[in-house]
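K.L.:
Handing you this structure, nothing more for now.
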Amino acid sequence: MSIDSENYLFKLIDGSQIPNLIERSRFNKQRKKLFSFTDQVRCCLYSRFTDCEDHFIIDSMPLEICKKVRQNRVKICKQDFHTAPDKGYCASQDTWYYIYTLHGVCTVEGVFKALNITKASVHDVHLLKDLKYQMTDFVLLGDRGYLSATIQLDLFETATIKLETPMRSNQKKYKSQPYIFRKSRKRIETLFPQLCDQFMIRRNYAKSFQGFKT
């Protein structure tokens, strides 16, 4: 319905459409408590859709809480230091934000395997260290932000994960990345705009990290 306001949506829905619809604030509280369950449902759906997948794509995008000029006044999601947002730089837009970072791993067909939210100051490479404990024996496609010879070697030796990233033009023994990898990696760059346009995840009305995550 392209409605991003829950308050407006609940006003539109009458008793004949959903006879047992509960009150909006109560609905939100129950939805937050069911987060782990809905995540299990997502994982179950993923396993049904992606049999025998051995190529995955990883990327990240910023989720802005507020403009940087308001970061000292805003209280959103600041209840716990470990889950509080912080200042981060978005290279693609050449701008500083007060944000979280959304990290995603998807298949070449466009099905998300994993999603994670971190502070903006956490570098993308650090997520790869956790990935080796969750998945094994596949090819992972990333952009230059994941370029690290040490991480590439560690992933391959510990989990047989082959990390494929394009080389920088000024690197020694520069070699262009195969076209099929460059083309496949664009899949996740299509999925992120879909999350923004269809699910409007950049329009934040949450007051707590639990609500934001849900």
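The values are calculated or read from the model by the stated rules, or taken from the named source; none is laboratory data. None of the values given here were measured: they were computed from a predicted structure. Note that each Cβ is placed from the backbone with ideal geometry, even for glycine, and that neighbours are counted across all protein chains shown.
K.L.:
Here is a list: 109, 157. Which entry is over 27 Å from residue 41 (Cβ atoms) and either at pLDDT 90 or above or not in a strand (DSSP E or B) (or both)?
P.N.:
On the way: 109 fails: over 27 Å from residue 41 (Cβ atoms).
None of the other options fit; the residue is 157.
K.L.:
Of the residues that make up region 70-85, is at least one touching a helix residue (DSSP H, G or I) at 6+ places or on another chain (Cβ under 7 Å), over 30 Å from residue 162 (Cβ atoms) and free of Cβ contacts under 8 Å to residues at least 60 places away in the same chain?
P.N.:
no
K.L.:
Considering only region 114-160, state which residues are among the basic types (Lys, Arg) and touching a Gly at 6+ places or on another chain (Cβ under 8 Å). Don't jump to the end; show me each part of the working.
P.N.:
Taking region 114-160 as the starting set, the residues that turn out to be among the basic types (Lys, Arg) are 119, 129, 132, 144.
Within region 114-160, 119 is the sole residue that qualifies.
K.L.:
Every residue in region 90-142 that is surrounded by 14 or more Cβ atoms within 10 Å (Cβ to Cβ), over 15 Å from the mean Cα position of the chain (by Cα) and closer than 21 Å to residue 183 by Cβ, please.
P.N.:
Result: 108, 138, 139, 140, 141.
K.L.:
Still on this structure, I have one more. So which of 147, 141 is modelled with pLDDT of 90 or more and aliphatic (A, V, I, L, M)?
P.N.:
Values: 147 fails: modelled with pLDDT of 90 or more.
Going through 147, 141 in turn, the sole match is 141.
K.L.:
Here's a follow-up. I'd like to know if region 114-132 contains one or more residues that are over 24 Å from residue 207 (Cβ atoms), in a loop (DSSP other than H, G, I, E, B), touching a residue at least 12 places away in the same chain (Cβ under 8 Å) and touching a strand residue (DSSP E or B) at 6+ places or on another chain (Cβ under 7 Å).
P.N.:
Yes; the residues of region 114-132 include at least one that is over 24 Å from residue 207 (Cβ atoms), in a loop (DSSP other than H, G, I, E, B), touching a residue at least 12 places away in the same chain (Cβ under 8 Å) and touching a strand residue (DSSP E or B) at 6+ places or on another chain (Cβ under 7 Å).
K.L.:
Continuing with the same structure: Would you check if there is a residue in region 36-50 being out of contact with any His (no Cβ under 9 Å at 6 or more places or on another chain), part of a loop (DSSP other than H, G, I, E, B), on the phi < 0 side of the Ramachandran plot and among the charged types (D, E, K, R)?
P.N.:
Looking only at region 36-50, we keep the residues that are out of contact with any His (no Cβ under 9 Å at 6 or more places or on another chain), and these are 36-50.
Keeping just the survivors that are part of a loop (DSSP other than H, G, I, E, B) gives 50.
Next, only the ones that are on the phi < 0 side of the Ramachandran plot stay: 50.
Adding the requirement that they be among the charged types (D, E, K, R) leaves none.
No, there is no match, as no residue in region 36-50 is out of contact with any His (no Cβ under 9 Å at 6 or more places or on another chain), part of a loop (DSSP other than H, G, I, E, B), on the phi < 0 side of the Ramachandran plot and among the charged types (D, E, K, R).
K.L.:
On to the next question. Whether any residue in region 18-32 is exposed (fewer than 13 other Cβ atoms within 10 Å of the Cβ), in contact (Cβ under 8 Å) with a residue 40 or more places away in the chain and part of a helix (DSSP H, G or I) is what I want to check.
P.N.:
Yes: one or more hits.
K.L.:
Considering every residue within region 200-212, establish whether at least one is of a type in the set (S, T, N, Q), surrounded by fewer than 11 Cβ atoms within 10 Å (Cβ to Cβ) and either at pLDDT 85 or above or at negative phi (or both). Lay out the reasoning, then the answer.
P.N.:
Initially, region 200-212 is screened for residues of a type in the set (S, T, N, Q), giving 204, 208, 210.
With surrounded by fewer than 11 Cβ atoms within 10 Å (Cβ to Cβ) added as a condition, the list becomes none.
Within region 200-212 (the criterion being of a type in the set (S, T, N, Q), surrounded by fewer than 11 Cβ atoms within 10 Å (Cβ to Cβ) and either at pLDDT 85 or above or at negative phi (or both)), the answer is no, since none of the residues qualifies.
K.L.:
In region 79-109, which residues are of a type outside the set (Ser, Thr, Tyr), closer than 15 Å to residue 206 by Cα and touching a Pro at 6+ places or on another chain (Cβ under 8 Å)?
P.N.:
99
K.L.:
Looking only at region 172-192, decide whether some residue is of a type in the set (Phe, Trp, Tyr), modelled with pLDDT of 90 or more and part of a helix (DSSP H, G or I). Before you say what the answer is, go through the steps one by one.
P.N.:
The first filter runs over region 172-192 and keeps only residues of a type in the set (Phe, Trp, Tyr), leaving 174, 179, 181, 192.
Imposing the further condition that a residue be modelled with pLDDT of 90 or more reduces the set to 192.
So of that shortlist, the ones also part of a helix (DSSP H, G or I) come out as 192.
Yes, there is a match, as at least one residue in region 172-192 is of a type in the set (Phe, Trp, Tyr), modelled with pLDDT of 90 or more and part of a helix (DSSP H, G or I).
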